[in-house]
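Just below is one structure, and these are the notes that go with it.
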């Protein structure tokens, strides 16, 4: 029987990894729930006898998963099963295919994915040194864009400490230990003692994290040092890892088996999100400039790019991605526009005095805007020493 079912939402959700989160611990004022805002579009209450193959598939293997983790992920019932309406993901200490630990990692990839909304799960967490539980979503384009360009939203991560959970985003320029997020500390019961609800509310211009409907973190485009890549379909992942660079490794105090218990996973649509909210116009390049100077016997190129909208107004916060051609070192490849719409300086050191130095823009990204490169004044700029 389910212990609790509250309704909220979302519209969205591999290799990889749930990566290290910031260490800052923060508790923010509670935010009132808005159940009338959210419309349930997908859920798994785990009321069947077995895990539903129309909802979940598995990541398998013992590759370390980018974090030097120790477990071998399997699809065995010993590691993932349903009992009394609860999904159990179990980490075990056992010899299995050259690994000393086994566990499971379930995902909705290729089955269900969403863009925007509220995604939540009600869970009871394991606890112990070297135990890493995670509820997260990953960009559907992971196979073509790779990580972290596909984007990752960690809804809940816990590394064995019974009263602290983390919420983080990872994208180009801010991934791994540089992920942007915060932590939530429970002043009451341990997350390992009772079930709690963990959620994100994902909107076009911001992502907010909740524990039991208490808001503890919000990240916007202005907070990330790179492109805002949370504008496409993401899929859900639930996993329980053993060891890794962030949580460390099990020791003599760690008890096995460990279990991550999941009461339900729910995805909601934001009924207040309109077509107008998803369209912000277009951006393009109105000007490019490059300067070259002799710096201690080498030539240094500094390039600037001006980005405007369809009306010719400067666009702040657009991410300009570019590349250099020539004998260079130490090149800057990405920059955000300022309040005047100017990105830069993009800097490169030219090692040879003989060849031209070329700078070309490959992409301009701005949340809720399309990049209309057809109307660019130019895409590349060239300079000779």
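Computed from the coordinates by the stated procedures, all read-outs in this text should not be read as laboratory data. Every value quoted in this text rests on a predicted model; they were computed, and no experiment measured them. Cβ sites come from the backbone with ideal geometry, for glycine too, and all protein chains shown count toward neighbours.
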Revision key, fill the gap. Where a ≥ b ≥ c are root eigenvalues of the Cα gyration tensor, a/c under 1.5 meaning rounded, otherwise prolate if a/b exceeds b/c and oblate otherwise, the stretch 86-204 counts as oblate
Check your understanding: Each label point is 7 Å from the Cα along the Cα-to-Cβ direction; what then is the distance between the points at residue 256 and residue 373, in nm?
Key -> 5.0
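Full extension from residue 83 to residue 382: what is 0.36 nm times the residue separation minus their Cα-Cα distance, to one decimal in nm?
So the chain would gain 101.1 nm between residue 83 and residue 382.
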Revision key, fill the gap. P(r) of the stretch 280-383 over all Cα-Cα pairs, 10 Å bins starting at 0, rounded to whole percent, reads 17, 48, 25, 9, 1
Exercise for review: Once every Cα of the chain carries one equal point scatterer and solvent is ignored, give the base-10 log of I(q)/I(0) from the Debye formula at q = 0.14, 0.15 Å⁻¹, two decimals.
Suggested key: -1.12, -1.23
Exercise for review: Averaging over all projection directions, find the projected area of the Cα convex hull of the stretch 233-273 and quote it in nm² with one decimal place.
Suggested key: 5.3
Practice item. Using a 10 Å cut-off on Cβ atoms, rank the peptides 118-128, 335-345, 206-216 from the highest mean neighbour count down. Key: 118-128, 206-216, 335-345
Review point. Using a basic spin-label model with each label point 7 Å from the Cα along Cα→Cβ, how many nm lie between residue 178 and residue 206?
Key: 2.5
Exercise for review: Order by neighbour count: 156, 290, fewest other Cβ atoms within 10 Å first, most last.
Suggested key: 290, 156
Review point. Extent of the stretch 59-139 along each principal axis, from alpha carbon coordinates, in Å, largest to smallest?
Key: 40, 31, 25
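Provide the packing ranking of 187-195, 240-248, i.e. peptides ordered by the mean count of other C-beta atoms within 10 Å per residue, highest first. Can you show the working numbers first?
Working: 187-195: 14.8, 240-248: 22.1.
Per-residue Cβ counts within 10 Å, averaged per peptide and sorted highest first, yield 240-248, 187-195.
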**Study point:** For the stretch 206-305: rounded, prolate or oblate by the Cα gyration tensor [a/c cutoff 1.5]
**Key:** oblate
**Study point:** Inter-probe distance in nm under a simple model that places probes 7 Å from Cα toward Cβ, at residue 249 and residue 54
**Key:** 4.4
Review point. Could you work out the helix-only [θ] at 222 nm for the chain, with each DSSP H run of four or more residues adding -39,500 (n - 2.57) and the total divided by the number of residues, to the nearest 500 deg cm²/dmol?
Key: 0 deg cm²/dmol
